[in-house]
1. Among the residues of the range 267-285, are any aromatic (F, W, Y), in a helix (DSSP H, G or I), over 19 Å from the mean Cα position of the chain (by Cα) and loosely packed, with under 12 Cβ neighbours inside 10 Å?
2. Please go through the range 225-265 and give me each residue that is under 10 Å from the mean Cα position of the chain (by Cα) and surrounded by fewer than 24 Cβ atoms within 10 Å (Cβ to Cβ), ordered by number.
3. Given (1) closer than 30 Å to R239 by Cβ; (2) modelled with pLDDT under 90, identify the lone condition not met by H126.
4. Where residues in the range 361-372 are within 14 Å of A177 (Cβ to Cβ) and part of a helix (DSSP H, G or I), which of them is farthest from the chain's Cα centre (by Cα)?
5. When you look at R217, is it in a helix (DSSP H, G or I), within 17 Å of S320 (Cα to Cα) and among the charged types (D, E, K, R), yes or no?
6. Out of everything in the range 319-354 that is among the aromatic types (F, W, Y) and more than 16 Å from V233 (Cβ to Cβ), what residue ends up being nearest to the chain's Cα centre (by Cα)?
7. Look at G214 and say whether it is at positive phi and assigned by TED's automatic domain parsing to the domain that holds V287.
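The values are calculated or read from the model by the stated rules, or taken from the named source; none is laboratory data. These figures come from a predicted structure and were not determined experimentally. For neighbour counting, all protein chains shown are included, and Cβ atoms are generated from backbone atoms with ideal geometry for every residue, glycine included.
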Amino acid sequence: MDRSSLFQLIQEQLDPEHTGFIPVENFTSLVEHHELRLDPSKLEMLFALVHSNEEGQVCYRELIELMSSKRSSSFRRAIASGRRTLQRDILLDEAGLGVYKRFVRYVAYEILPCESHRRWYFHQNHLCPPPVFMAVITIIQIIVFMCYGVMLNKWVLQTYQPEFMKSPLVYHPGHRAQVWRFLSYMFMHVGLEQLGFNALLQLMIGVPLEMVHGIMRISLLYMAGVVAGSLTVSITDMRAPVVGGSGGVYALCSAHLANVVMNWAGMRCPYKLLRMILALVCMSSEVGRAVWLRFSPPLPSSGPQPSFMAHLSGAVVGISMGLLILRNYEENLQGQCSWWVIIFAFITFLLFAIFWNIFAYELLGVQIPPAP
């Protein structure tokens, strides 16, 4: 029996008057005496939702939402009660899985802190849509870097080449009226070391996050980090250009690391403490390298070197907006007050940054380096 037939049967037999509610006893009897083609984890969640109802009835709308895998409050309640009613075996005990399913299981244990969440994701994952956003961004960044590397015949410290800074993709304060630069700078990189660091983190952390939380949420988080990075530089380091996707990368990494810390007991990824330390050391080293290049460049240059403030602002975006996105797996963000508070704060920052870029440079008399 498919889902549409089941929905029709439920409504006709158990809710003929269209009251919107179904008695728990009747629904349980229906499920037990009809063959359902549902994922095991979803079926267990349905029973958990049914048996946890204190009023002896099930809301028909919430039942449809849960079976349709929609992000809703019914999922949260089913998960909460499912922790008590689900079987105690874990995904790691399942044998005979194919390569893809083993990879999905690995991703579930890397990203999700709750066993019931992991089982839900494992059984409902169909790789549709595939995690293409982070892969496409990384491929474009590599192609752009290789093009400029061949053109300049230089693969490290490319920002010291005047032709590099003339690129229409680089954010430069002298070209801040060209608004696309506040976003397009993420495709340019200082050199091979920065590109390698960003590409590695985007693939190792960004792709699993996108597999679990979807392209819309992860692309929003990444782009918010990128935009916040360039706008923060235009406010705090007004003479400096910006290159690299570090704002978006640090938004992803800080959100994931914060989520791991806040759910430390539930995370089952191996060597999590060692990996946390290594991630923090690598991120701190990257920031330190950016600070060094900004204030103590190893070679003479014609103007200020790219700012490091995009790294820090990306981390702030990840801890604020990103942490909420990652903590609320399969729930509707639009229905949460905290989500709108963060969105309001981000929009307020955007408006302030726009007015700052329009008026502050002239009012403060900032001496901007000549635009390349």
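1. Start the filter on the range 267-285 by keeping residues that are aromatic (F, W, Y), which leaves 271.
If we keep only those that are in a helix (DSSP H, G or I) too, we end up with none.
No, the range 267-285 contains no residue that is aromatic (F, W, Y), in a helix (DSSP H, G or I), over 19 Å from the mean Cα position of the chain (by Cα) and loosely packed, with under 12 Cβ neighbours inside 10 Å.
2. Of everything in the range 225-265, just one residue is under 10 Å from the mean Cα position of the chain (by Cα) and surrounded by fewer than 24 Cβ atoms within 10 Å (Cβ to Cβ), namely H256.
3. (1)
4. Going through the range 361-372, the residues within 14 Å of A177 (Cβ to Cβ) turn out to be 361-362, 368, 371.
Filter once more, keeping what is part of a helix (DSSP H, G or I): 361-362.
Details: Y361: 33, E362: 37 Å.
It comes out as E362.
5. Values: in a helix (DSSP H, G or I): yes; within 17 Å of S320 (Cα to Cα): yes; among the charged types (D, E, K, R): yes.
Criteria met by R217.
6. Here is the first cut: in the range 319-354, the ones among the aromatic types (F, W, Y) are 329, 339-340, 344, 346, 349, 352.
Among the residues that remain, those that are also more than 16 Å from V233 (Cβ to Cβ) are: 329, 339-340, 344, 346.
On the way: Y329: 11, W339: 14, W340: 17, F344: 19, F346: 16 Å.
Restricting to residues being among the aromatic types (F, W, Y) and more than 16 Å from V233 (Cβ to Cβ), the top hit is Y329.
7. Numbers: at positive phi: yes; assigned by TED's automatic domain parsing to the domain that holds V287: yes.
Here the answer is yes, as G214 does meet what is asked.
A quick yes/no check of all residues on (1) touching a helix residue (DSSP H, G or I) at 6+ places or on another chain (Cβ under 7 Å); (2) not in a loop (DSSP other than H, G, I, E, B):
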residue: V136; (1), (2): no, yes
residue: Y148; (1), (2): yes, yes
residue: W155; (1), (2): yes, no
residue: E163; (1), (2): yes, yes
residue: G174; (1), (2): no, yes
